[in-house]
1. Could you give every pair whose Cβ atoms fall below 9 Å, whose first residue belongs to region 1-17 and is farther than 14 Å from residue 53 by Cα, and whose second residue is surrounded by fewer than 13 Cβ atoms within 10 Å (Cβ to Cβ) and small (Gly, Ala, Ser), counting only separations of at least 6 or pairs across chains?
2. Of the residues that sit in region 1-59 and are among the β-branched types (Val, Ile, Thr) and part of a helix (DSSP H, G or I), which one is nearest to residue 69 (Cα to Cα)?
3. Could you give me the residue pairs with C-beta distances under 8 Å whose first residue belongs to region 34-49 and is more than 13 Å from residue 13 (Cα to Cα), whose second residue is of a type in the set (D, E, K, R) and more than 11 Å from the ligand (Cβ to nearest atom) wherever it lies, and which are 6+ apart or on separate chains?
4. Can you name every residue in region 22-44 that is surrounded by fewer than 16 Cβ atoms within 10 Å (Cβ to Cβ) and either of a type in the set (Ser, Thr, Tyr) or under 13 Å from the mean Cα position of the chain (by Cα) (or both)?
5. Criterion first (within 16 Å of the ligand (Cβ to nearest atom), buried (at least 17 other Cβ atoms within 10 Å of the Cβ) and either modelled with pLDDT under 95 or assigned to a loop (DSSP other than H, G, I, E, B) (or both)) does residue 70 satisfy it?
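The values are calculated or read from the model by the stated rules, or taken from the named source; none is laboratory data. Computed from a prediction, not measured in an experiment: that's the story for all the values here. Cβ atoms come from the backbone with ideal geometry, glycine included; neighbour counts cover every protein chain shown.
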Amino acid sequence: MITISRIKKDFGGPICRSCINNRYGVKLSRKHCRYEKHSDVCPSCGERKHIVKRLSLLGYLKGIGKKPVPPHETRERKREEDGNA
Ligand SMILES: [Zn+2]
């Protein structure tokens, strides 16, 4: 189940739609999401995007049973840093 509070817990804040789709393996379209008025930096991809503030009912239904995919790049980078230290 994807909820905004879950996303905040996983990523430290609300994220953009493409990151929700990538990380949770869903295909949310524009109509499944309610956006912040202004674009902001997404804590997941670091790009300036429109951040998803809420999900519509259909968006919630699509997110049932979905779990976040671990961010591989971040994990690998961290491993490298640990190795160098
Ligand atoms: Zn993003």
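1. Listed by first residue and then by second, the contacts come to 1/65.
2. The initial filter retains those residues of region 1-59 that are among the β-branched types (Val, Ile, Thr), namely 2-4, 7, 15, 20, 26, 41, 51-52.
Narrowing further to those that are part of a helix (DSSP H, G or I): 4, 7, 20.
Details: 4: 16, 7: 12, 20: 10 Å.
Residue satisfying both the conditions and the ranking: 20.
3. 34/53; 34/54; 35/53
4. Hits for region 22-44 are 25, 27, 29, 39, 41.
5. no
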